[in-house]
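Novice: Sending over a structure as structure tokens; questions will come in a sec.
The values are calculated or read from the model by the stated rules, or taken from the named source; none is laboratory data. Only a predicted model underlies this, so the values are computations on that prediction, with no experimental measurement involved. Note: ideal-geometry Cβ built from the backbone for every residue, glycine included; neighbour counts use all protein chains shown.
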Amino acid sequence: MIERIRNLDPNLKLKILSVVLAIAIWYMINAFSDPAIRMTVNNVSVDILNGDVIEKRGDVYTVLDNTDVIPVVNILAKRSVIDKLESKNVIATADVRDIEQDGSVRIVLTTDKYSSSIERITGSISHVQLRVEPLETHAFNLEVETQGDPAEGYILDDASAEQNQVMLSGPRSYVNEVGRAIVSVDITGAEKNIKVYPEIVLYDKENNVISPEDMKMHKLHMNVSSVKVVATVYKTKDIPITCGSGVPIAYGYELISEPTVEPSSITVAGAEGILEDFDSIEIPASDVTYDYLTATMNKTLNIVSYLPEGVFLTDDSDASVTVYVRVREIQQDDGGDSEESTSGEAETSGSDEENSG
């Protein structure tokens, strides 16, 4: 390698030496002269000062268009200073006491060290834009939503929150955009009551979720962030319905068949311990009629009154049931009377069909 260098053309040797010396001289000049250089810092947050001046008069301010963050800050200073600065040393402030009529506040840029040695510091934006408006407080009814379904053979009776309202405060324009306050509970596969503390979620009037980030940006505050929600789940059971056979029948008449009830069963719900001892409903004959029957009849009753305490219908539309009692005249043994009786029975049967219809 040394032999190759010795054999190089003298002019080429001089050129290489010149380049090396130039680089060395350049570094020496920079090291001793300490030239000014530029430093760039991105996304510098602006501290809003004396915001309580606005709040004390019953107003509230919000930052518009994310102007409390400066996209780019340029710093010009000597190398020896720049080498000792970090992005965290850049300080940006905006004093609300200097707010202008259009809501703009001038941004002041500096550093927390070597500030007197900085030749120039500038930002890509010079003002924070504020919206100042009255502070509004509004009460929203708290809605409870459920997700999923209980386990098979169980039913959700009710889902309710410990409190039914939430108070929201903030800038009037943003509070007026809020439409609903909702908490949600998942009841998928539930076989018993559920107690949870879900977060309250706000929706705007177009049914879009208002995120926590939006709430912070727009200075929206709720008096509570979560509430206790109880979802009550009960077991269900199918209960057959019958009617007592002691319906009074007039002399000379008889039942065509035992009284029937439609529907013949209902689905109820309640605590498992209560449902275990509840197997059927028998409607007393006295609830159907006190009169001696001479024709077919039907009677509609409210089945709810026959349910034990703590048991309820899974569907309120099943509350009405109808009892059908079919009656006919007894035929006589003698021939003359028999023909008359047969005729009478036909008339009664026709009446029965009409009543049944």
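Novice: Looking only at the range 187-200, which residues are farther than 30 Å from residue 237 by Cα and surrounded by 16 or more Cβ atoms within 10 Å (Cβ to Cβ)?
Specialist: Of everything in the range 187-200, those that are farther than 30 Å from residue 237 by Cα and surrounded by 16 or more Cβ atoms within 10 Å (Cβ to Cβ) turn out to be 198, 200.
Novice: Count, please, the residues in the range 142-157 that happen to be in a loop (DSSP other than H, G, I, E, B) and surrounded by 13 or more Cβ atoms within 10 Å (Cβ to Cβ).
Specialist: Adding up the residues that qualify gives 3.
Novice: How many residues, within the range 290-330, are surrounded by 14 or more Cβ atoms within 10 Å (Cβ to Cβ), of a type in the set (Val, Ile, Thr) and farther than 18 Å from residue 262 by Cα?
Specialist: Result for the range 290-330: 2.
Novice: While we're on this one: Could you check residue 180 against (1) in a loop (DSSP other than H, G, I, E, B); (2) within 15 Å of the chain's Cα centre (by Cα) and say which number it fails?
Specialist: Condition not satisfied by residue 180: (1).
Novice: Mind listing whichever residues of the range 79-131 are over 48 Å from the mean Cα position of the chain (by Cα) and either without any contact (Cβ under 8 Å) to a residue 12 or more places away in the chain or in a strand (DSSP E or B) (or both)?
Specialist: Across the range 79-131, the qualifying residues are 83, 115, 116, 118, 119, 120.
Novice: Collect the residues in the range 262-288 that are under 14 Å from residue 298 (Cα atoms) and not in a loop (DSSP other than H, G, I, E, B), keeping them in residue-number order.
Specialist: Hits for the range 262-288 are 262, 283, 285, 286, 287.
Novice: For the range 78-133, what are the residues that are loosely packed, with under 13 Cβ neighbours inside 10 Å, polar (S, T, N, Q) and touching a helix residue (DSSP H, G or I) at 6+ places or on another chain (Cβ under 8 Å)?
Specialist: none
Novice: What pairs come up if the first residue lies in the range 302-331 and is assigned to a helix (DSSP H, G or I), the second is not hydrophobic (A, V, I, L, M, F, W, C), and their beta carbons are under 8 Å apart, counting only those six or more places apart or on different chains?
Specialist: Taking only residues 6 or more apart or on different chains, the pairs are 303/318; 303/320; 318/263; 318/267.
Novice: Within the bounds of the range 158-174, is there any residue that is among the aromatic types (Phe, Trp, Tyr), over 14 Å from the mean Cα position of the chain (by Cα) and outside any loop (DSSP other than H, G, I, E, B)?
Specialist: The answer is yes, given that some residue of the range 158-174 is among the aromatic types (Phe, Trp, Tyr), over 14 Å from the mean Cα position of the chain (by Cα) and outside any loop (DSSP other than H, G, I, E, B).
Novice: Then there's this: If the requirement is being out of contact with any helix residue (DSSP H, G or I) (no Cβ under 9 Å at 6 or more places or on another chain), surrounded by 11 or more Cβ atoms within 10 Å (Cβ to Cβ) and either under 30 Å from residue 109 (Cβ atoms) or modelled with pLDDT under 65 (or both), which of these qualifies: 64, 12?
Specialist: Among 64, 12, only 64 is out of contact with any helix residue (DSSP H, G or I) (no Cβ under 9 Å at 6 or more places or on another chain), surrounded by 11 or more Cβ atoms within 10 Å (Cβ to Cβ) and either under 30 Å from residue 109 (Cβ atoms) or modelled with pLDDT under 65 (or both).
Novice: Taking the conditions exactly as written (touching a strand residue (DSSP E or B) at 6+ places or on another chain (Cβ under 6 Å) and of a type in the set (Phe, Trp, Tyr)), does residue 114 satisfy them or not?
Specialist: no
Rundown of residues vs (1) exposed (fewer than 13 other Cβ atoms within 10 Å of the Cβ); (2) in a helix (DSSP H, G or I); (3) touching an Asp or Glu at 6+ places or on another chain (Cβ under 6 Å), yes/no style:
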{"site": "185", "(1), (2), (3)": "no, no, no"}
{"site": "207", "(1), (2), (3)": "yes, no, no"}
{"site": "234", "(1), (2), (3)": "no, no, yes"}
{"site": "242", "(1), (2), (3)": "no, no, yes"}
